[in-house]
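To start, the structure itself, in structure tokens.
Each reported figure results from applying straightforward, stated rules to the coordinates on display, with no laboratory input. The shown structure was predicted, so the numbers you read here are calculated from the model rather than taken from an experiment. All Cβ positions, glycine included, derive from the backbone under ideal geometry; neighbour counts span all protein chains shown.
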Amino acid sequence: MTDKTLFTRIIDREIPAAIVYEDELCIAFKDLNPQAPLHVLVVPVKPLPRLSDATATDEPLLGHLLGVAARVARDAGYGEAFRLAINNGAGAGQTVFHLHVHVLAGRPFNWPPG
Ligand code: 5GP
């Protein structure tokens with residue numbers, strides 16, 4: 001039994017994932033169930049459960065996650081059109097309680113989102 005989150009287990013290489021970027025603060029890997037031709041999750045090493053659990057101390061980290069998200073989209077050839085999403089809480093569709101930014105690109109996106 002482990003109290004690590006699923007995404008910490010990916011960071012620790014206990015579960016395989018297609019990693020596209022990694023640094024000391026975060027990791028980015030392909031979503032197992034992609035909803036667009038590009039669907040990458042940008043995940044902080046720090047296992048914040050939700051965005052709403054972040055504090056002022058975490059603000060540089062949150063900015064870094066957005067910068068990495070844009071970089072991932074750009075490196076995949078989608079720098080001009082991509083969608084970022086953060087589901088905060090089960091009521092908003094969050095299923096993995098380790099903060100992550102969805103990076104989606106490569107198809108049209110509706111607004112408002114579903
Ligand atoms: P959420 O619903 O919490 O916003 O997003 C969780 C995401 O994690 C989903 O898009 C889901 O497909 C993805 N996911 C769940 N388990 C795994 C896994 O083991 N590996 C990878 N790469 N993605 C996963």
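Here are some notes:
- Relative contact order computed over the range 1-94 (Cα-Cα under 8 Å; 6+ residues apart), in percent: 20 percent
- Against the main long axis of the alpha-carbon atoms of the chain, helix 59-75 sits at an angle near 40°.
- The range 38-114: C-alpha gyration tensor shape, a/c 1.5 cut-off, then a/b vs b/c: oblate
- Only helical runs count toward this figure. For the chain, summing -39,500 (n - 2.57) over DSSP H runs of n ≥ 4 and dividing by all residues gives -6000 deg cm²/dmol at 222 nm.
- 3J(HN,Hα) along the range 4-19: 5, 6, 3, 6, 5, 5, 5, 4, 7, 6, 8, 10, x, 7, 8, 7 Hz, from the Karplus curve 6.51 cos²θ - 1.76 cosθ + 1.60 with θ = phi - 60°, whole Hz, x for Gly and Pro.
- Highest mean first, the peptides 15-23, 32-40, 95-103 sorted by other C-beta atoms within 10 Å per residue fall in the order 95-103, 32-40, 15-23.
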